[in-house]
Amino acid sequence: ALFARAVKLGLVCGDVSGGLECIDFDGKAGQPIADVFGRYTSDPAVSDIIARNDLPIVCTPSGGYHIYYRHTDRRQPSQRLAQWADGSVMIETRGHGGYVATVPSPGYDQQAGSSIHEIARIEQYERDTLLAAAESLSEYTPTTETQQGTGAWPEAFDTSTVWGRYNEPAADEAR
């Protein structure tokens, strides 16, 4: 009765769910996310962690993928791991304070792994390996913009501030 009007089932990530975290692969603008996911899961270290822990893999309605696991650092916030060349999100985690829709919601299809009721807790080194492998797939190259200043040293610093007293050669108390 509680879910009679529900459209999707969602999982709350983080501390409240015992450290649940999801690696979310997105290709919402038609990007080749299946190719990216294939490269990710073909990494021997990644495939070993997924298989050894029987991690659930779910295909999303947009053609993306979710990989679920639990870990001991239960309050880690969501983070962007990889981006498409245009800067949009390719791979991110859904962590503490985040949520994901999942099976049995319409359009979500479990591809492999344990039931979402039995998600394994992985070791910190395993989580680090999964996240580093995802980060390595980023296609985005940030531009570096340098600030242009006058290049002139000020005549005097505002000695009413800590930084001004530190930079003012006559302010002995800062030394």
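The values are calculated or read from the model by the stated rules, or taken from the named source; none is laboratory data. What you see is a predicted model; the values in this text were computed from it and never measured. Using ideal geometry, Cβ is built from the backbone for each residue, glycine included, and neighbour counts are taken over all protein chains shown. Accessible surface is based on the protein model in full, side chains and every heavy atom, while ligands, DNA and RNA are left aside. Shrake-Rupley method; radii C 1.70, N 1.55, O 1.52, S 1.80 Å.
Taking the criterion of being open to solvent by less than 80 Å² (accessible area, probe 1.4 Å) and either modelled with pLDDT under 70 or of a type outside the set (Val, Ile, Thr) (or both), the residues of region 140-160 that qualify are GLY149, ALA152, PRO154, ALA156, PHE157.
Only a single criterion out of (1) touching a helix residue (DSSP H, G or I) at 6+ places or on another chain (Cβ under 8 Å); (2) modelled with pLDDT of 95 or more is not satisfied by HIS96, namely (2). Looking only at residues of region 95-110 that are touching a Leu at 6+ places or on another chain (Cβ under 9 Å) and either within 14 Å of GLY64 (Cα to Cα) or among the aliphatic types (A, V, I, L, M) (or both), we find that the one that is most open to solvent (accessible area, probe 1.4 Å) is TYR108.
Checking each residue in region 96-111 for being among the hydrophobic types (A, V, I, L, M, F, W, C) and not in a loop (DSSP other than H, G, I, E, B) picks out VAL100, ALA101. Can you find even one residue in region 53-68 that is assigned to a strand (DSSP E or B) and open to solvent by 60 Å² or more (accessible area, probe 1.4 Å)? No, because not a single residue in region 53-68 is assigned to a strand (DSSP E or B) and open to solvent by 60 Å² or more (accessible area, probe 1.4 Å).
Residue pairs whose Cβ atoms lie under 8 Å apart, sitting 6 or more positions apart in sequence or on different chains, and linking a residue in region 110-121 that is closer than 20 Å to GLY14 by Cα to a partner that is crowded, with 16+ Cβ neighbours inside 10 Å and of a type in the set (Ser, Thr, Tyr), are ILE116/TYR68; ILE116/THR102; ILE119/TYR68; ILE119/TYR69; ALA120/TYR69; ARG121/TYR69. For THR93, work out the one condition from (1) under 14 Å from the mean Cα position of the chain (by Cα); (2) among the polar types (S, T, N, Q); (3) part of a loop (DSSP other than H, G, I, E, B) it doesn't fulfil. Here THR93 meets the rest and fails (3).
One residue stands out among those in region 122-138 that are touching a residue at least 60 places away in the same chain (Cβ under 8 Å) and part of a helix (DSSP H, G or I): the one that is surrounded by the most Cβ atoms within 10 Å (Cβ to Cβ), which is LEU130.
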